[in-house]
Every structure is written in structure tokens, then in C-alpha cells.
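In what follows, a single structure is set out as C-alpha cells and then discussed.
The values are calculated or read from the model by the stated rules, or taken from the named source; none is laboratory data. The structure displayed is predicted, hence computed values, not measured ones. Note that each Cβ is placed from the backbone with ideal geometry, even for glycine, and that neighbours are counted across all protein chains shown.
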């Protein structure tokens, strides 16, 4: 009897875990690339409060490594990075997974967007910023 109850609890725990991590409920994963750690923490906090899972990178090389290893739904990158630009990073990432949206988030508008899918100004309101991110991820999922 005790063994049967223990087995039942284990089964219920497994069902609950499957529901929590199933595709419909799993948080979308955003890769956030920014060389300013304070801005990176702020952006990560805003996105996590909205229900997204966020991975971070402070360099282009680090972003490439994470992008290759994780099921990223969207990349959000500053344009002016140490040693590279967001446009150059977008080109590198799109050669790996062309379907993943790449968003430049910067105070500096690039002359050429290259492989970036979208530009969001750092002057944009948080509500507008989140609306654009949500729209791009939804389009990616379709």
C-alpha cells in the first residue's frame, strides 16, 4: 500500500513536471548581447519579469558559443560592441540559424541593417520594446 502511494506520488510529480516544461508552457529563450554589464542586467531583468528566459553574452564570441548550444528564440544585441558590431554579429548568427530573429537594440542607428531583422532605439518605451519582442517571437513560432 505504501509502495503504491509512493509510486502514485512519483507519477503525479512527473506529470506536473511535464506540464511545467512542455512546449506550450516553456519560456521562450532570448540571447541578450551587451558589453555594458549594468545595461545587460537591466535588460535581463525586464525580459525575465515578462516571463522570458534570458541568456547573456558580453562579446560576439561568447554570443556565438551560446547561440550554437542553446535553442534561442530571439537575439537582442547592442549595435556597438567591443571588437565587433551588432550588424556583423547578426551576419554570423544568421549563417548558423537563419530563422532566429535578430534585433539591434541601440542608441546608435546603423547605416546598414545587414542581416538584422529589426532595430529598436534605446529611447523606446519599455511597453513598446516588449511589444516588439513579443511580436517577433510570435512570428518566429509560426
Kindly indicate the residue of the range 30-51 that is in contact with a helix residue (DSSP H, G or I) (Cβ under 9 Å, 6 or more places away or on another chain) and not in a helix (DSSP H, G or I) and also farthest from residue 89 (Cα to Cα) among those meeting that condition.
-> 50
Quick check: anything in the range 45-54 surrounded by fewer than 19 Cβ atoms within 10 Å (Cβ to Cβ), within 16 Å of residue 122 (Cβ to Cβ) and without any contact (Cβ under 8 Å) to a residue 24 or more places away in the chain?
-> yes
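Give the residues of the range 107-121 that are farther than 18 Å from residue 49 by Cβ and surrounded by 12 or more Cβ atoms within 10 Å (Cβ to Cβ), sorted by residue number. Before the answer, list the steps.
Looking only at the range 107-121, we keep the residues that are farther than 18 Å from residue 49 by Cβ, and these are 107-119, 121.
The answer is 108, 110, 113, 114, 115, 116, 117, 118, 119, 121.
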Only one of (1) under 23 Å from residue 45 (Cβ atoms); (2) at pLDDT below 95; (3) surrounded by 15 or more Cβ atoms within 10 Å (Cβ to Cβ) is not met by residue 82, so which one is it?
-> (3)
